[in-house]
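**Q** What follows is a single structure, and I will ask about it in a moment.
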Amino acid sequence: MVPPLLLTIVLYMVPGILALAAIGMRGIRVVYPAPMVSTALVAFLAVVYGKARIGFTLTNIGLGILACIVLLLVIRLLARLLPRPPRGDDPRGAARNGRARVPRIAVAYSIGFLLSIAVWVLEYARPMRGPDNFPQPYDTPFHFSVIAHIVESGNGSTLTSAMVDRTAGSTLYPAAWHDMVALVVQTTGTSIPVAVAASCTAILVLVWPLAILGLCCELLGHRGRWVLLSLGLSGLFAAFPYHFVVYGVLYSNFLSYALLPSFIGLFVGHLTRLRVPPREHLTMVVVLLVGLVGIGLAQPNSAFTIVVIALPFLVQQIFRWSGADVRARRGLVLPTAVSVALVLCIAAVWRFLYTRPALYRTVSFEWPPFQTDAQAIGVYAAFGVNDRGPAQYVLCALVFAGIVRALHRRLHWLVASWGLVGVLYVLTSSTTSTFRDVLTGFWYHDSNRLLAASPIMAVPLACLGIAWLCERARSLSSRLPQAGMGLEAVAVVLVAGLTCAGGGLTFQRALLRGESVPSQQTGLQDDEYAFLERVSQVVPQGTGVANYPYDGSAYAYSLFHVNVFFRDYDANWIGQPTSDIDTVRHDLNRAADSPATCEVLRKYDIEYALVMDRNALNGTQAPGLPFIGVDEGNWSGLTVDESTPGFELVLSDGRGNGLYRITACQG
């Protein structure tokens, strides 16, 4: 897995660093937003290349990135025409500019990343038991198939990525994460599961920790203490990031949420220090727009998450910019009116977007409430993960201590943003109303996606909490080191140990361990995996194969290059099923008496039918562990055996898995 991992890291880091340096960013701001900018460049170029019919390859993407860097250099040169302030009139602090004491901060980075890697080993590498393995929840076949489709077609455009499911009405699906994985598959020749493991590793160990680091340093300063604490705490909250490598799996949201703190950090950091040269305003606007493109092409609902998180900050800044004195109750009318107008404008745009046909599938997807208001508040406040493990009380205590410190440091907005996300979580998980539907529809009404946004604010709050507790400990005991960050290092290591041993992460480790290796307890079972390898050797490349996706055969396309007709599960279909889809799934076993069915089979060059063993885990009406549920009435035509007229058994393993040649339509 080393070459795929190294290439993944290069893809996420190098284009962004070069682009940020080209446009004039400095210090830490060249590094922590790099994955966000790299993602934007690759995904945007994929869309452009798709329109221009240019192949989606590493070489072409590299040339496109070079062109974008030249464009950013031109923008930087043009920005120099803007007026400059007098020398010395630069109010930004050295900490927030990225300048810090090198030896101490190097130690902080080293310890922080070592902790991040240790958590990755415990929470991901060990439960996965090898890079060839992968978790098998409901969404996995869809994401794997999109990657395979990009590699096969040479088109990584978000506008056409959903063509893989053959439905009608829409072919758009955010493909930024899939593009990055597809480039690794193309270039190294590795399998999709290994490339996915490399991508998850890079996001867990590098992309997300750097983004959280950037946010914390923008809020608190680029000092060793905050570097150490932010990196050390970044992987400990159960709701994100490790929940998203086993739940769903929501790979698109996984990447977009990992990029979010970078955007929030740049946005907040710039708007809190506006006395900068005009050229820096232009630079930041360009970088934020590019970042928004990357986040949107990863998963658009993250743009709505940005709005929720940024709204309290903007309100606080409006009061600050106006010079209002809240305590003395002076000058409050104007900022209050502006804040209300801002909220109303956002509400109007929110409602408008909610009614757009392009977003109908998202906002109409229903996850029903499953708990009471009190239960939802308890889960959110104690950092649980719904029904996937108990609360994280150590982190809860640190965050609430951090809330007190945040209020003292005038970071009221950070507390309010955390609370506002919590309100949306409580609404979607415990209530039913049109109000709830409108507010939470952009997240598919999925409480897990809202819960995953909590650590974006919770990590900085926990950093403040640990720092304050260390300060109190020093003031109570002269025996403790009064300088340096040794006490913070001990504290964060202790917190990491207690948290990893706690129920929240332990439960998820067990879930990942149970789902990641094919066995008789997974959707794609071990005997079916072996059978699909044999099928790939019998069926000619490109020849169509009719299949019932829930029996494990949905993985045949992405893992074994078998051209199965159904490559994902129907709840993942982006558009509506066509008449051809309905013909195959309803009437395939009647092909001997149905010329119309044979016509559809010839249209898609379908010459085989793949039938694998069905059980409660992969294809009966029982919901089973990995699946939302299956309505077998929609798949009645795919029940085929040796007695079915017009079907000839050509391969069998004697365990319920068979490959049939369709003879009904020959001649």
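The values are calculated or read from the model by the stated rules, or taken from the named source; none is laboratory data. Since this is a predicted model, take the numbers as computed values, not measurements. All Cβ positions, even for glycine, are placed from backbone atoms using ideal geometry, and neighbour counts span all protein chains on display. Calculation scope for accessible area: heavy atoms of the full protein, side chains included, ligands and nucleic acids excluded. Shrake-Rupley method; radii C 1.70, N 1.55, O 1.52, S 1.80 Å.
**Q** So which residues in the range 30-78 are open to solvent by less than 20 Å² (accessible area, probe 1.4 Å) and not hydrophobic (A, V, I, L, M, F, W, C), if there are any at all?
**A** Once the filter is applied, which keeps residues that are open to solvent by less than 20 Å² (accessible area, probe 1.4 Å) and not hydrophobic (A, V, I, L, M, F, W, C), the range 30-78 yields Tyr32, Pro33, Pro35, Ser38, Thr39, Gly64.
**Q** Scan Val181, Val185, Val146, Val164 and give me the residue that is in a helix (DSSP H, G or I) and modelled with pLDDT under 95. Spell out the reasoning first.
**A** Details: Val181 fails: modelled with pLDDT under 95; Val185 fails: modelled with pLDDT under 95; Val146 fails: modelled with pLDDT under 95.
So the residue among Val181, Val185, Val146, Val164 that is in a helix (DSSP H, G or I) and modelled with pLDDT under 95 is Val164.
**Q** Continuing with this model, one more query. Would it be correct to say that Ile295 is open to solvent by less than 20 Å² (accessible area, probe 1.4 Å), in contact with an Asp or Glu (Cβ under 9 Å, 6 or more places away or on another chain) and either among the β-branched types (Val, Ile, Thr) or modelled with pLDDT of 90 or more (or both)? Full working, then the answer.
**A** Working: open to solvent by less than 20 Å² (accessible area, probe 1.4 Å): yes; in contact with an Asp or Glu (Cβ under 9 Å, 6 or more places away or on another chain): no; either among the β-branched types (Val, Ile, Thr) or modelled with pLDDT of 90 or more (or both): yes.
Considered against the rule, which asks whether it is open to solvent by less than 20 Å² (accessible area, probe 1.4 Å), in contact with an Asp or Glu (Cβ under 9 Å, 6 or more places away or on another chain) and either among the β-branched types (Val, Ile, Thr) or modelled with pLDDT of 90 or more (or both), Ile295 comes out as no.
**Q** Please go through the range 218-244 and pick out each residue that is part of a helix (DSSP H, G or I), of a type in the set (A, V, I, L, M, F, W, C) and closer than 22 Å to Val385 by Cα. Explain how you work it out, then say what you get.
**A** Initially, the range 218-244 is screened for residues part of a helix (DSSP H, G or I), giving 218-220, 224-233, 242-244.
Subsequent filtering for residues that are of a type in the set (A, V, I, L, M, F, W, C) retains 219-220, 226-229, 231, 233, 244.
If the condition is that a residue be part of a helix (DSSP H, G or I), of a type in the set (A, V, I, L, M, F, W, C) and closer than 22 Å to Val385 by Cα, then Leu231, Leu233, Phe244 are the ones that fit.
**Q** Test of understanding: among Phe237, Phe254, Phe263, which residue is of a type in the set (Phe, Trp, Tyr) and more than 30 Å from Thr59 (Cα to Cα)? It would help to see each step written out before you state the result.
**A** Values: Phe254 fails: more than 30 Å from Thr59 (Cα to Cα); Phe263 fails: more than 30 Å from Thr59 (Cα to Cα).
Result: Phe237 is the single residue among Phe237, Phe254, Phe263 that is of a type in the set (Phe, Trp, Tyr) and more than 30 Å from Thr59 (Cα to Cα).
**Q** From the set of residues in the range 446-481 that are free of Cβ contacts under 8 Å to residues at least 60 places away in the same chain and among the charged types (D, E, K, R), which is surrounded by the most Cβ atoms within 10 Å (Cβ to Cβ)?
**A** Here the answer is Arg474.
**Q** Now, a different point. Can you name the number of the only condition in (1) open to solvent by 10 Å² or more (accessible area, probe 1.4 Å); (2) in contact with an Asp or Glu (Cβ under 8 Å, 6 or more places away or on another chain); (3) not in a helix (DSSP H, G or I) that Gly484 fails?
**A** Status for Gly484: all satisfied but (2).
**Q** While we're looking at this one, here's another question. When only residues in the range 251-267 that are open to solvent by less than 10 Å² (accessible area, probe 1.4 Å) and aromatic (Phe, Trp, Tyr) count, which is farthest from Asn301 (Cα to Cα)? I'd like the intermediate steps shown before the answer.
**A** Restricting attention to the range 251-267, the residues satisfying the condition of being open to solvent by less than 10 Å² (accessible area, probe 1.4 Å) are 251-262, 264-266.
This time we only want the ones that are aromatic (Phe, Trp, Tyr), so: 251, 254, 257.
Numbers: Tyr251: 13, Phe254: 12, Tyr257: 10 Å.
Per the criteria, the residue is Tyr251.
**Q** Could you figure out which of (1) under 27 Å from Ile23 (Cα atoms); (2) touching a residue at least 40 places away in the same chain (Cβ under 8 Å); (3) open to solvent by 20 Å² or more (accessible area, probe 1.4 Å) isn't true of Gln316?
**A** Only one criterion is unmet by Gln316, namely (1).
**Q** Pick from Val630, Val564, Val611: which is among the aliphatic types (A, V, I, L, M) and modelled with pLDDT of 95 or more?
**A** Details: Val630 fails: modelled with pLDDT of 95 or more; Val611 fails: modelled with pLDDT of 95 or more.
Result of the check over Val630, Val564, Val611: Val564.
**Q** As an exercise: evaluate Ser161 against (1) of a type outside the set (A, V, I, L, M, F, W, C); (2) in contact (Cβ under 8 Å) with a residue 40 or more places away in the chain; (3) farther than 29 Å from Gly514 by Cβ; (4) open to solvent by less than 10 Å² (accessible area, probe 1.4 Å) and give the number of the one condition it does not meet.
**A** Here Ser161 clears every test but (2).
**Q** Which members of the range 528-574 meet the condition of being assigned to a loop (DSSP other than H, G, I, E, B) and crowded, with 17+ Cβ neighbours inside 10 Å? Before the answer, list the steps.
**A** Just the residues of the range 528-574 that are assigned to a loop (DSSP other than H, G, I, E, B), to begin with: 539-543, 548, 552, 561-562, 565-569, 573-574.
Within the range 528-574, Val539, Tyr548, Gly552, Val562, Phe565, Phe566, Arg567, Asp568, Tyr569, Trp573, Ile574 meet the criteria.
**Q** Kindly check whether there is at least one residue in the range 376-390 that is open to solvent by less than 10 Å² (accessible area, probe 1.4 Å), over 28 Å from Leu494 (Cβ atoms) and of a type in the set (Gly, Ala, Ser).
**A** Of the range 376-390, the ones open to solvent by less than 10 Å² (accessible area, probe 1.4 Å) are 376, 384-385.
Then keep just the ones that are over 28 Å from Leu494 (Cβ atoms); that gives 376.
Now drop any that are not of a type in the set (Gly, Ala, Ser), which leaves 376.
Yes.
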